[in-house]
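One structure is given here, and the rest of the page talks about it.
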Amino acid sequence: MAKEGAERAEETEQMIEKEGGKEAAEGGGAGSLRAGDAKEMRAVVLSAFGGLNKLRVSKKAMPEPQEGELKIRVKACGLNFIDLMVRQGNIDNPPKTPLVPGFECSGIVEALGDSVKGFEIGDRVMAFVNYNAWAEVVCTPVEFVYKIPDDMSFSEAAAFPMNFVTAYMMLFEVANLREGMSVLVHSAGGGVGQAVAQLCSTIPNVTVFGTASSFKHEAIKNSVTHLFDRNADYVQEVKRISTDGVDIVLDCLCGENTGKGLSLLKPLGTYILYGSSNVVTGETKSFFSFAKSWWQVEKVNPIKLYEENKVIAGFSLLNLLFKQNRGGLIKGVMDKLLNLYNSKKIKPVVDSLWALEEVKEAMQRIHDRGNIGKLILDVEKAPTPLMANDSTETSEAGEEEEDHEGD
């Protein structure tokens, strides 16, 4: 393993030198290690909140690390459901557009800001980024960066942080998962759902109930104990198997599923809301969908919670990291997760790889709930010619049509 690590480090250094030399020969482009040069990079830019036609791959000035930051040459980026909500402007206090979306990536350390310790140029890393991840180069504070195990690929590394940290925090930090408990997780075929299933398998005798689209059942049937169609009456199905209900409900749907989840909780059970995908119905933000989801949420009565001995909680990893300054806590969780990965007890599930130019098609796949595991934007992947052409044409025509309708 040490030999393989040394070989991988040497290969990485040669890669950086090769890229730097190539770009110098071409007149100085993205990838040069010299500070102060005027450099550009490719990035996915969201021009305004709305539909897929608001996304473009554009040239942007390459960032340079500030004090305490690392500069990372990105190899792969994670694509999450929250990115769809950001695109639509379906989040609280969204940043101003234009912006570069994306919250996680993997790549190679290319430069170090002042006072950065523990990393060297050429290190293979994965990182959380407060936006700007969908680009060829990102800069992010060192507290959000973690070294990649030698046998983990860049695509796996980009699929790791958001999904597994979210799943671990909910199961072990919020709900205190223990031997013999039962868990209900929605969207069991998605990135977080698969991470939840794998982490539950590390604890003896944990029963996992999952809901997912029927076409995913064959692929994920071995990852959960009991699997139900997402459109079926899963409440009755769960109670038929477990009369008392479950100990933990992990809800990324919201709306009517909130009341259903609370009704399934055993005494001392914990319901955790960590998303609201039911709000996303069309390509653009819908006030009707938001209002419907809001009114379907069961109004929580603290007295009722007290009488029934139930716990209701919420979890937002991005708020925990970037608004509530819990980077140190997350680092401890990442250490535990990487130990589980090195012990071959967990492994990120990658659904598919997409070029930056194919981001619209990748987003549509998530919107259609077609993925099993994580979708990855591969920065070095060449777009499929037909797909890239269709994407460009759709972007231009779609924007004109949407602007006309707005007028």
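With both labels modelled 7 Å from their Cα along Cα-to-Cβ, the L353 to A382 distance reads 1.4 nm. Peptide packing for 373-385, 137-149, 191-203 was compared via the average number of neighbouring C-beta atoms within 10 Å per residue; ordered from the highest value, the list is 191-203, 137-149, 373-385. With a threshold of 30 Å on the Cα-Cα distance, the over-threshold entries among K323/K381; K216/K344; K96/K360; K59/K345; K96/K304 are K323/K381; K59/K345; K96/K304. Label positions at T97 and E120, each projected 7 Å from the Cα along the C-beta direction, are separated by 4.4 nm.
Protection proxy ranking of 55-62, 128-135, by the mean of other Cβ atoms within 10 Å over each peptide's residues and highest first, is 128-135, 55-62. For segment 163-343, the square roots a ≥ b ≥ c of the C-alpha gyration tensor eigenvalues yield an a/c under 1.5, which makes the shape rounded.
Classify segment 321-365 from the C-alpha gyration tensor, please: rounded if a/c falls under 1.5, else prolate or oblate depending on whether a/b exceeds b/c. Oblate. Near G314, the amide H atoms lying under 5 Å from its own belong to L273; only residues 5 or more places off or on other chains count, and H is placed 1.01 Å from N.
No value in this document is a laboratory result; all are computed from the given coordinates. Predicted, not measured: the structure shown is a model, and the values here were computed from it. Quick reminder, even Gly has a Cβ in these numbers, built from the backbone with ideal geometry, and neighbours come from all protein chains shown.
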